[in-house]
Amino acid sequence: MKRTVLITGATAGIGKACAEIFAAHGDRLILTGRRAERLASLAESLDTDVQTYAFDVRELSQVQAFVGQLEDEWKAVDILINNAGLAVNTTKIQEGLYEDWDRMIDTNVKGLLYITREVSPLMIARGKGGHIINIASIAGKQVYPGGNVYCASKHAVDALSQAMRIDMLEHHIKVTNIAPGMVDTEFSVVRYKGDQNAADNVYKGLDPLTAEDVADVVFYSAGLPPHVTINDLVLMPTAQASAFHVYRE
Ligand code: NDP
Ligand code: 8X3
């Protein structure tokens, strides 16, 4: 049966790959992100029912307006993939830029909370359970040099996944925390503020995960029987053993 899947951050990387794999299996999609033109061309390329909404997850009023606009039949969200997120910069705390910190905390923590706060009551009201999949990170398990505020924001996601699982237990809502290591997406270009060279260096000499690799795991997690939940899953490129151990040729 077709499921309704809401994906944040579907304009690029992991979110886009998730849209593609769920669509290929016949699920219908609500796709969000800030770049409207990317959402439109993605929707155009997918052979399934798609609704797109361009807004900024950092803005509570925009999140509420988005959920308010959903037609009743689209309010029946089965799976919420909280994926929108970013890292900005690798400066030390004593040299950090407040605007970088705000972008990370407002997007990765508050944005994820706003979406979850607005969407989870829709799941609960239906009384049919549901599934929230949070895209966390190895940065939510370990703190590495230059990671500081990004790592803190992803540790918060890890904690919020645990909290959601407790709070929504009685409503049969699954909560899956997915923690990838290095994935070659636009992530590093964003982190290094458009410096493609710096971004390329992150993945130099190793075979990183692709967005599709992560999407495969998300899709698998979403397909388990109702009584089975993956609570927490760390996935890495084989060349990465931890946030600190990477083997480069
Ligand atoms: P990308 O930069 O390729 O994609 C990020 C997505 O998030 C884009 O669709 C972007 O859309 C969206 N986004 C960012 N800020 C906002 C915002 N304020 N409002 C709405 N949407 C927003 O990176 P990834 O695909 O790699 O990242 C996806 C998630 O995976 C993030 O949470 C990231 O932290 C996590 N992750 C990434 C890893 C990696 O190595 N790449 C490893 C572990 C976790 P738009 O700009 O159009 O708004
Ligand atoms: C992104 C992966 O290792 O840069 O979350 O933190 S890492």
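The values are calculated or read from the model by the stated rules, or taken from the named source; none is laboratory data. Everything numeric in this text was worked out from a predicted model, so none of it was measured. Backbone-built Cβ (ideal geometry, glycine too); neighbour counts: all protein chains shown. Ligands, DNA and RNA are stripped out before the accessible areas are found, and what is left, the full protein with its side chains, is counted by its heavy atoms. Shrake-Rupley method; radii C 1.70, N 1.55, O 1.52, S 1.80 Å.
Restricting segment 76-115 to residues that are part of a helix (DSSP H, G or I) and acidic (Asp, Glu), which is least open to solvent (accessible area, probe 1.4 Å)?
Among residues in segment 76-115 that are part of a helix (DSSP H, G or I) and acidic (Asp, Glu), the one least open to solvent (accessible area, probe 1.4 Å) is 100.
With a cut-off of at least 2 residues that are within 15 Å of ligand 2 (Cβ to nearest atom) and more than 30 Å from residue 1 (Cα to Cα), name the helices (runs of 4 or more DSSP H) lying wholly within segment 183-239.
187-191, 196-202
So for segment 142-165 (the condition being more than 11 Å from ligand 1 (Cβ to nearest atom), in contact with a Cys (Cβ under 6 Å, 6 or more places away or on another chain) and part of a loop (DSSP other than H, G, I, E, B)), does at least one residue qualify?
yes
Go over the candidates 215, 222, 198 one by one and state the one that is within 25 Å of residue 23 (Cβ to Cβ), more than 13 Å from ligand 1 (Cβ to nearest atom), among the small types (Gly, Ala, Ser) and touching a Phe, Trp or Tyr at 6+ places or on another chain (Cβ under 9 Å).
222
Tell me yes or no: at least one residue of segment 93-110 is more than 16 Å from ligand 2 (Cβ to nearest atom) and in contact with a Gly (Cβ under 6 Å, 6 or more places away or on another chain).
No, segment 93-110 has no match at all.
Scan segment 120-159 residue by residue and report those that are within 9 Å of ligand 2 (Cβ to nearest atom) and charged (D, E, K, R).
Residue satisfying the conditions is 154 alone.
Please identify the pairs in which a residue from segment 10-39 that is at negative phi has its Cβ atom under 8 Å from the Cβ atom of a residue that is of a type outside the set (Ser, Thr, Tyr) and at pLDDT below 95, counting only partners at least 6 apart or on another chain.
27/2; 28/2
Of the residues 192, 203, which single one is within 12 Å of ligand 1 (Cβ to nearest atom) and open to solvent by less than 50 Å² (accessible area, probe 1.4 Å)?
Within the list 192, 203, the selection yields 203.
Can you tell me how many residues in segment 123-147 are without any contact (Cβ under 8 Å) to a residue 60 or more places away in the chain and surrounded by 18 or more Cβ atoms within 10 Å (Cβ to Cβ)?
Residues in segment 123-147 being without any contact (Cβ under 8 Å) to a residue 60 or more places away in the chain and surrounded by 18 or more Cβ atoms within 10 Å (Cβ to Cβ): 7 in total.
I want to confirm something. Restricting to segment 1-30 and keeping residues that are within 16 Å of residue 183 (Cβ to Cβ) and among the β-branched types (Val, Ile, Thr), which single residue is least open to solvent (accessible area, probe 1.4 Å)?
By that ranking, first place goes to 7.
Go through segment 54-75 and report how many residues are open to solvent by less than 30 Å² (accessible area, probe 1.4 Å), within 24 Å of residue 102 (Cβ to Cβ) and not in a loop (DSSP other than H, G, I, E, B). Explain how you work it out, then say what you get.
Let us first name the residues in segment 54-75 that are open to solvent by less than 30 Å² (accessible area, probe 1.4 Å), namely 55-57, 63, 66-67, 70, 74.
Still in the list and also within 24 Å of residue 102 (Cβ to Cβ): 55-57, 63, 66-67.
Keeping just the survivors that are not in a loop (DSSP other than H, G, I, E, B) gives 63, 66-67.
Count: 3.
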